[in-house]
Amino acid sequence: MIFAFEKTGKTFMWTVILAYFRSLGKIVLAVAASGIASRLLPSGRTAHSRFNIPIDLSSKTSYDIKKKTLLADLLRQTSLIIWDEAPMSDRRYFDVTSPKSRPEKTGLFMLYKNQSTSFYKNVAEFVPRKTW
Ligand SMILES: Nc1ncnc2c1ncn2[C@@H]1O[C@H](COP(=O)(O)OP(=O)(O)OP(=O)(O)O)[C@@H](O)[C@H]1O
């Protein structure tokens with residue numbers, strides 16, 4: 001995770017990282033919590049749009065990613081996700097579990113099983129508790 005004060009070049013750095021990995025032929029997704037921030041990233045989209053996150057997130061809803069879809073395949077082939085303003089997002093976005101009641105769906109980070117636990121611990125440490 002990268003933390004820095006305003007106007008210190010974070011977006012500039014994402015742009016450089018995106019260009020580097022994409023020049024190697026890797027798939028790198030760029031998302032942001034807000035629409036304005038996502039427009040500043042090359043091929044950036046809001047996290048809601050990219051990952052099918054329901055607007056009305058509750059304890060009973062989860063990512064709307066079906067396991068056997070093009071989106072799930074894209075995410076499996078993705079080498080890196082750059083998520084600008086991640087700590088502004090609801091913590092449940094970073095949930096590593098699949099919804100038990102909907103076995104055909106998957107949580108985003110279930111697709112990256114080996115990395116997901118440490119990622120989740122890092123994010124959970126910084127995302128404010130009130131957004132649980
Ligand atoms: N290494 C650099 N060389 C030249 N200009 C730079 C460099 N890094 C950043 N800038 C310029 O500094 C300004 C602020 O950079 P940037 O928007 O990347 O910061 P930020 O940390 O993402 O800002 P914010 O806090 O608003 O998200 C921009 O105009 C950018 O072009």
Give a residue-ordered list of calculated ³J(HN,Hα) values for the stretch 33-46 (Karplus: 6.51 cos²θ - 1.76 cosθ + 1.60, θ = phi - 60°; whole Hz; x for Gly, Pro).
5, 10, x, 5, 5, 5, 5, 7, 9, x, 6, x, 9, 5
Could you sort Ile36, Ile53, Ile27 by their accessible area in this structure, using a 1.4 Å probe and putting the largest first?
Ile36, Ile27, Ile53
Any chance you could look up the accessible area of Lys10 with a 1.4 Å probe, heavy atoms only, rounded to 10 Å²?
50
Could you compute the FRET efficiency for Gln77 and Asp56, with r as their C-beta to C-beta distance and R0 at 35 Å, rounded to 0.05?
0.75
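The values are calculated or read from the model by the stated rules, or taken from the named source; none is laboratory data. Just so it is clear, the model here is predicted, and its values are computed rather than measured. Note that each Cβ is placed from the backbone with ideal geometry, even for glycine, and that neighbours are counted across all protein chains shown. SASA here: full protein model, heavy atoms, side chains in, ligands and nucleic acids out. Shrake-Rupley method; radii C 1.70, N 1.55, O 1.52, S 1.80 Å.
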